[in-house]
1. Given H placed on each backbone N at 1.01 Å, which residues far from E:ALA41 in sequence or on other chains put an amide H within less than 5 Å of it?
2. Helix C:2-19 versus the longest principal axis of chain C: what is the Cα-based angle in degrees, 0 to 90, to the nearest 10?
3. For D:ALA206, enumerate residues with amide H under 5 Å from its amide H, sequence gap 5+ or separate chain, H modeled in the peptide plane.
4. Using DSSP to define loop residues, name the trypsin sites (Lys or Arg not before Pro) in segment D:124-168 whose beta-carbon has at most 10 other beta-carbon atoms within 10 Å.
5. For segment E:80-183, what size does the Cα cloud have along each of its three principal axes, sorted from largest down, in whole Å?
6. Can you give the charge dipole size of the protein assembly as shown about its Cα centre, rounded to the nearest 20 debye, using +1 on the beta carbon of Lys and Arg and -1 on the beta carbon of Asp and Glu?
7. Among all the lysines, which ones have a C-alpha under 25 Å from B:LYS11's C-alpha, if same-chain residues fewer than 8 places away are not counted?
8. For the residues A:LEU101, A:LEU45, what sequence is obtained by ranking on other C-beta atoms within 10 Å, fewest first?
Amino acid sequence: MSIGNEQTAGTAPTVPGQSAPTGHRSTSSPLTRVLGIIVVLCIPLVVWLSFVATPPDRVQGESVRLLYVHVPSVTVAYVACFVTFVSSIMWLWKRSEWWDLVGSSAAEIGSVFTALTLVSGMIWGQITWGTAWEWDPRLTSTLFLFLLLVGYQALRAASPDRSARSRRSAVVGLLLVPNIIIVNRSVEWWRSLHQDATLFRTDLDFRIEGLMLFTWMFTTAVGMVLLVWLMFHRFRVGWLANRVEEQQLSEAVAARRAEATS
Amino acid sequence: MLRDAWLVAGKDLRMEVRTRVGLGQVVPFAVLVLVLFGFALDPDRGILEAATPGLFWVTVLFAAVLGVQRAYAVESAEGVRDALRLSSLSAPGVFLGKTLAIAVQLVAVEVALGVGVVILYGADPGGWVLLVGSALPATAGIAAAGSLYGVLAVGLRVRETLLPLLLLPVLAPVLLAATRAFEAALDGSPADGWPWAGLLALFAVVYVGCGIGLYGTVLEES
Amino acid sequence: MLRDAWLVAGKDLRMEVRTRVGLGQVVPFAVLVLVLFGFALDPDRGILEAATPGLFWVTVLFAAVLGVQRAYAVESAEGVRDALRLSSLSAPGVFLGKTLAIAVQLVAVEVALGVGVVILYGADPGGWVLLVGSALPATAGIAAAGSLYGVLAVGLRVRETLLPLLLLPVLAPVLLAATRAFEAALDGSPADGWPWAGLLALFAVVYVGCGIGLYGTVLEES
Amino acid sequence: MTSVIHLRDVVALLGGFPALTGVDLDVSAGELVALVGANGAGKTTVLRLCAGLVPVASGTAQVLGEDLGRNARAVRSRVGLLGPSGGLYDELTASDNLRFFARASRVDLTDVERAAERFGITGRIGATPVGRLSTGQRRRVALASLVARRAELWLLDEPHAGLDAEGRDLLDSVVRSAVAAGATVVIASHDLDRTEGLGCRHVTLAGGSVTHGGDHAA
Amino acid sequence: MTSVIHLRDVVALLGGFPALTGVDLDVSAGELVALVGANGAGKTTVLRLCAGLVPVASGTAQVLGEDLGRNARAVRSRVGLLGPSGGLYDELTASDNLRFFARASRVDLTDVERAAERFGITGRIGATPVGRLSTGQRRRVALASLVARRAELWLLDEPHAGLDAEGRDLLDSVVRSAVAAGATVVIASHDLDRTEGLGCRHVTLAGGSVTHGGDHAA
Ligand code: HEM
Ligand SMILES: Nc1ncnc2c1ncn2[C@@H]1O[C@H](COP(=O)(O)OP(=O)(O)OP(=O)(O)O)[C@@H](O)[C@H]1O
Ligand SMILES: Nc1ncnc2c1ncn2[C@@H]1O[C@H](COP(=O)(O)OP(=O)(O)OP(=O)(O)O)[C@@H](O)[C@H]1O
Ligand SMILES: [Mg+2]
Ligand SMILES: [Mg+2]
């Protein structure tokens, strides 16, 4: 789990929401610690469920276990994108730092999960299809989703000041979900209207049930908790970065004033 | 709003007439790209014929990126941006004006490419109605999305490179749908193509709508 | 001359480090183009497989156009051009420096594209020696030609659109030769490829030579 | 006297740098004020902030009765700003530029023509693309565009720079008649002779805040 | 006295327009000359022509003993031109700019550092990308770069514009010591008080040619 900097550096102004003890040098709080503990405790369970408890698939063999990474991560990525979308709308309405941070945190974590989907899918594809990539609708639209998220972050990185950054990224974030839908739908139609649709998935039409279903749902749930946990931390890192920026700023203001009076 | 749109589009087209960037350069560029493709993809007609509609629209996309870049380069000259923001132009008006000016240039590019494709790739133009009926909404959609994302990149030092990154993934559906529609038209089965033209119209409506709604937010940023 | 080249290349790479345009944006752009191609050209592997080398190099060319544009955008800021002409930098030095800086960026693009092609197009990288042995002179040739034509377009208001128009036709031979060499490498018949690599080296030498000889004329034009 | 500009402890950031560090400034209707101060003191930033082009990071800023933090848009179309670079399309001719910005600001075209004539933007100069004019000629085009606007609040950033002697005198007379017609004028300048000649109240900036004369009482 | 600039009936075209229509001008070594004249008279063009940046369309032009028509290159590295826009890379910091142009002009880095200090390009300003400096700060960077160059012939285009009072005085003292060290200085300016204060010989341009003072005898 090397996503983001869960442990923030530097002196810590207090983090919003949680009453962090003074001098507390991390972005954690009782709530995130609980979330973290849940994730940490569940991971061995997930591993056990997906590698030991569930049976190998008739067609897929052992490789079916990638399902438990692949599918939950794409679900989490979708949720993260949706959060970005909603936050962008809320930012345009309320213009608050809070929504800006929620949206950008979600987009960043979403891009990580999208990458995870791509990578796990490609590994899986290498094993089952014998090729890592096909110009299949889902694959293609997932790749575009990833690129949209990269674009979002590039735009944020390129914007010099905070108000321009929030404003521009909110516009892109708001377009994110319509974009995803249009891209996704059109890519689906693109193939389905095609005469000889090469449906790679037909042979994988395994019926998920019983323990497999449970494992899948359980992993997804753990993924969601992980998302929330990471969002908390990423949000706080962003919040603290803004505070550090402000603190540096007030120092800079003071220094500039002093320079003027001297 | 429409008055402002005319004013802005008129200004852009006047600049175009003065500098001839569109006709003199974007169009040749587009034709050149077509030639390069013809060059890079096998010499035997096989691939080219099958891929003609796709290549046509990929080329239009590249020309569009160039056109949008140009359309906003003039607006990001020092001070001009301030001047625009200090004017009484309505943001939706500016958006529509820019979109219109970009669309006009794109149409010129498409006509030239169409001729190029017929001559160079030996495409057989049939199904005129569908060709035009899908090219128009596609152009509107590309221009509207380009105009909206173009203003997002304005004023950033890195706009030359950021714009394609933002714009191309968004335009992927247009590429798909327009390619499909053209394929249907060239295959002589227009019935297959009209749903795609409908999708293109939908896309155009969505982006023109988003542009009208959101352009102001970006332009007026203070 | 070499000292000047280092100075100029160092300045450009320092700017790159400051702004991250190359790594942050040109590389994703290149990957994007690759995806669009994969997308527009039929879904069945047929075309893609046959066309992989061609598409790879067409994409490199587009990225090169962007890179050159960026490299000379910084030089065409008002007054900078005068300042350069008033300096004691030797023109061949400036040329080599710009070429080097562009080439470094291109190599990054090519590596990313190589990975992309292997993953997305399912290309099977074999014949490493030939691949590298043809990519290097091709890169040098593209960078040299880009650098030479880039300076031609500097200072003209229309450089965004003029540059590709000038550059793409001269690079057509590079495109062809590099494509052939890559095809040979991927087909596992490197013997067919080496003559093309030789041709690429020849191009590189010619363009670097022309650049050294002619750059001064263009830069110093008074 | 109504207050046209009212800034209290205004901080403004440019790319993260505190260009203004707590500006207090009051300008009443019909006043003629000169902002002076060393290079980098923040004069340009104050003008752009009052035009609604630079966001207010903290503090209260009211211009023409509107709060800049909430309603910068409403201010923008009512001020006339002359920036250092003029804000003209290099590719359009001088007269096309004037006409475009006049239409865009709902200004009468005859006003523009009169202003253009006054600043000598006629004949060849009017028909030349602005990018091919000399420094001073370009300034004159920007000035003509500004004058035609008849804004309520004029914000002039080093307006005399680049103008020849005749142009500077012309500018002064234009400023005087604007004030006579009820406009408020704020000039950022290093040319104290000129601003004194105009009879400006001088406000000194240093290090991003006002050190002298921000207030009428001071 | 050797002649540093010797122009006879020089015509120069900018984009087809005859910006200079027959300029006669002589400047001897060690002289301090001011080019004055209305906007569009051709001052900037004369300076750029003498720097070898504008081609001579007809007439004879000799600068620093070289014929501009034949050997403009040889002149370029020996003059120092301060243009209106400074000629700096916006993305590089002030000190990186100074260092790059110093190296490019074979200037000693310690000279540059001294000049930078003199013009206040230290601390934050030195470490800021030039594109984010104020007008006057940018002028100062350009000036520091020029001063470090120690050219034989200085061509200054409205050098006082944008500078604060202290900067203008500093510039004057720099110009004086350059002349004392044997350099020749030509200034295009609208600020006659300054140029008179410097003791310049005034040369008046109008309509692209010299109307007064082109010659020592005149
Ligand atoms: C790069 C490769 C891949 C990518 C980008 C990818 C992407 C996706 C996406 C986006 C979804 C969610 C679909 C939705 O509900 O909208 C998904 C679901 C799924 N994928 Fe993949 N996938 C890849 C490879 C594979 C492979 C190789 C397999 C199995 C052989 C596979 C099996 C599944 C299954 C079983 C689901 C869930 C069932 C469903 O919702 O249809 N994927 N994948
Ligand atoms: N790029 C150009 N193309 C065509 N004509 C130009 C160009 N630049 C300047 N001119 C014209 O050449 C003439 C001389 O210009 P120049 O810049 O030398 O004037 P100047 O004396 O420096 O004026 P100012 O005091 O306004 O700076 C002007 O009439 C101007 O319109
Ligand atoms: N884009 C920017 N990004 C960061 N800092 C900036 C930017 N523009 C200006 N500054 C800084 O803000 C401060 C104020 O700049 P401003 O342009 O307002 O000064 P000024 O008083 O107009 O100076 P001058 O007399 O030189 O025109 C300066 O110290 C400058 O370095
Ligand atoms: Mg200023
Ligand atoms: Mg001039």
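1. none
2. Result, in degrees: 70.
3. Counting only residues 5 or more places away or on other chains, the set is D:THR211.
4. Values: sites: D:ARG124, D:ARG132, D:ARG138, D:ARG139, D:ARG140, D:ARG149, D:ARG150, D:ARG168; in loops: D:ARG150.
Here no loop site has a sparse enough neighbourhood.
5. On the principal axes, segment E:80-183 reaches 35, 30, 21 Å in Cα extent.
6. On the way: 93 positive and 100 negative charges, 288 e Å.
The calculation lands at about 1380 debye.
7. B:LYS98
8. Details: A:LEU101 23, A:LEU45 14.
Least to most surrounded, the residues fall as A:LEU45, A:LEU101.
Read the figures in this text as sums done on the coordinates, not as results from a lab. All of these numbers come straight from a predicted model, not from anything done at the bench. Quick reminder, even Gly has a Cβ in these numbers, built from the backbone with ideal geometry, and neighbours come from all protein chains shown.
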